[in-house]
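Readers should treat all values here as calculations from the given coordinates under stated rules, not as data from a laboratory. The structure presented is a predicted model; accordingly, all values stated were derived computationally and were not measured. A quick note on method: Cβ atoms are made from the backbone with ideal geometry, for glycine too, and the neighbour counts reach across all protein chains shown.
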């Protein structure tokens, strides 16, 4: 009884809300109609048309980490999301926390299992929260309400497979980054200015690399008269819970996949092998040890951060490193600011060996997941909204290109970045310029290899002509990392303890071998790996692999 | 009269019945109500603290049972299935168990051994300074590092020890030594970890001793002076004994935190090359749990650590009570 007044209040409020939203929709009517016209041609009867909600009565809470461009928070109602709200009629309440804090807060909320946001970014893969019943299966919802997601999955069956939990259901939508693997591959970037100065050619084999790095060390390519050059400086990254060093990319010359696949890779017969116990890995380690002994590798390669390396580069003492292609341009910029004349950084072709065509490993294709929680009151609206921003052409254009007229314009039916985006008045690079209006979001979004969702990575690449040239040179020299289906909870439980020990052991032994702290006793290393249960780990990876391949 | 009654209650001695109205010996309950009435404002002041400890420290303790359960959020702590000692076994079975134990214990033992006396010595030295301004200056300068974030400290350590352009190695080079790759040598890790910890905390740690020294009766010093005691004797026979209870209590407390090695600092400073001496229980749990939120496993390790801490605390307290008559309880 006491609740009556608030009810009445709410009712009045909702009417007022309806009216305002209706009027705003009317105002933007011509726009809306056009959009639904184009959408309708493919849409089936039970599918939605825009706006998803016409009376503004639905507010979804979306929890994720905040904008990667930190000065602009999603809570400030950024232009892209304002537009999306106008189109869909769905109001969004953002529950965001800065990058690393978000994971902690959402983990606590998930452990409490109460009052979860409607849609939220998962701290890890979706299987555990799905098994715990925190997020709901999306298959039925997609079949009923999400025409664009269906179309997208039809075009990329591998993405669908990779999104399926071991029980065959899809519990979350993952950001598809396969399109950026072409535009922005990770590889070895070399100081081309030094190469030119010493009259050397781009190294191809391990022997070439040795000679080039040796020359970098001894011939004073930065011309300051001091032997301060660090020929090769890489950093460690954590990928899927295991620490990998940029040095491992040189495994490419021996046909190994030690970076994104972490050494787990199928042989010709589809049997998953652990390449870290392969004799070829020993060859690589022996080679790296030789480089380290001769001072060609950064003595602090295990603790260097990306910032350390940039600072070394701007002081012109680094000869080669590993990073994403877009950084080649960034390195040159940093050097220019540091007073270096004519800096030039180029990504090399992946190192090759005798009879082995070198290959960089591709990352992704999925990075980061978003699911709909068990507490969502309106899962239909939630999936429609996700469908719009995740897989519809128009929604994808919003999240990838931003706002028409501001950050892009349509030329011959293709979006192209405006000067505002490419030469931002505030001095932001194109990524940050887009993020400042809410595009390039932290929600799940798609940059695929082809189709309407694939245009943005290439457009970004085109803003830096030199990068475009390099990307074209590198085309076709990469392989996907091992495609692994999501592990089941049982598989994870059976292997976490083994995995923790093995990861520690591998990282430690590789460092000791490379730095010469321990003699390279390969047989003992392999037998220890076996005794720690590497076979059990391989077995689980095999199952994961088979689930995708079947 | 009133104070007389209070005295009686406090000391617990029964005074002559005639001073009071004829009344039966008050029972426990009666005494309690009386004390309660008398101390109601004091109790009111401490009430928030009691509530704080009950709500945030005692009530959550039941949650420790998830160490023996497979925690599932939807079922909650009580509803999750029991798994016995599974998570403990997983930890004990790791081939790194003994190394983790050794590293954890050695790191804190050495920290205690080297880090504990220094603030005391520093406080004693500082106390001998006559020039007030200089004393304040030294004190402020010495405890400033306490306020620097551990991330920054770690960055500084890595920079200073860099074999290519670190200040320490540059000095070594000037004197004709070979540069040392400090952060890659397991043999240096503990020294670096502990000495930087001492540098950061000794000034801050000395504050409590300075406060204790300030509490010593100046008459004692005057008397000692009359007897012809010099500075050294005054330190040895007045100042040190005067702050001994503080020293012992702090020592007991520190021993009780033996298994809590500063996790962030190790994580920021170590790398695979120094796992041998640097990998501690906390970092191991971190590495293991990086993929999943493993609450049960973390709770099991936490419980294990706390049991060891509690045992150490009791042991040290017991011996301290026997030997020096100073103890926590």
> With the radius of gyration and the Kirkwood radius both derived from the Cα set of the protein assembly as shown, what is their ratio Rg to Rh?
Replying inline: 1.03
> Helix A:326-337 sits at what angle to the longest principal axis of chain A, using alpha carbons and giving 0 to 90 degrees rounded to 10?
Replying inline: 70
> What residue among B:34, B:130, B:93 shows peak mean-square fluctuation when chain B is described by a Gaussian network model with Cα springs under 10 Å?
Replying inline: B:34
> Hey, any idea what Rg/Rh is for chain B, computing Rh the Kirkwood way over Cα pairs?
Replying inline: 1.07
> Hey, what's the Cα Rg ratio for segment A:241-342 versus the globular rule of thumb, 2.2 N^0.38 Å?
Replying inline: 1.28
> Taking Cα pairs under 8 Å and at least six residues apart, what relative contact order does chain A come out at, in percent?
Replying inline: 21
> What percent antiparallel are the DSSP beta bridges of the protein assembly as shown, to the nearest 5?
Replying inline: 60
> In whole Å, what is the distance between the alpha-carbon centres of segment A:349-385 and segment A:449-503?
Replying inline: 7
> Relative to the first principal axis of the alpha-carbon coordinates of chain A, what is the inclination of helix A:29-40, with its axis defined by its Cα atoms, in degrees from 0 to 90 and to the nearest 10?
Replying inline: 70
>> As a footprinting exposure proxy, order A:509, B:226 by other Cβ within 10 Å, with the fewest listed first.
In response: B:226, A:509
> What list do you get for A:448, A:252 if you sort them by fewest beta carbons within 10 Å?
Replying inline: A:448, A:252
>> I'd like the projected area of segment A:61-187, averaged over all directions, using the convex hull of its alpha carbons. Report it in nm² with one decimal.
In response: 9.9
> If each residue's Cβ is checked for other Cβ atoms within 10 Å, how do A:188, A:136, B:105 rank with the fewest at the top?
Replying inline: B:105, A:136, A:188
> With each label point set 7 Å from Cα along the Cα-Cβ vector, what nm distance links residue B:109 and residue B:227?
Replying inline: 3.9
> If r is the Cβ-Cβ distance from residue A:100 to residue B:174 and R0 is 51 Å, what FRET efficiency results, to the nearest 0.05?
Replying inline: 0.80
> Taking the Cβ-Cβ separation of residue B:65 and residue B:128 as r and a Förster radius of 45 Å, what is the calculated FRET efficiency to the nearest 0.05?
Replying inline: 0.25
> How far, in degrees from 0 to 90, does helix A:79-88 lean away from the longest principal axis of the Cα atoms of chain A, to the nearest 10?
Replying inline: 50
>> Please compute the Kirkwood hydrodynamic radius over segment B:73-183, one decimal place, Å, based on all pairs of different Cα atoms.
In response: 19.6
> Measuring from label point to label point, each 7 Å out along Cα→Cβ, what is the residue B:195 to residue B:328 span in nm?
Replying inline: 3.3
>> At R0 = 51 Å, how high is the FRET efficiency between residue A:410 and residue B:83 if r is their beta carbon distance? Nearest 0.05 is fine.
In response: 0.30
> Any idea how far the Cα center of segment B:252-321 sits from the one of segment A:252-281, in Å?
Replying inline: 36
>> Stokes-Einstein diffusion coefficient for segment A:213-256 at 25 °C in a medium of 0.890 mPa s, Rh from the Kirkwood formula over Cα pairs: what value in µm²/s?
In response: 194
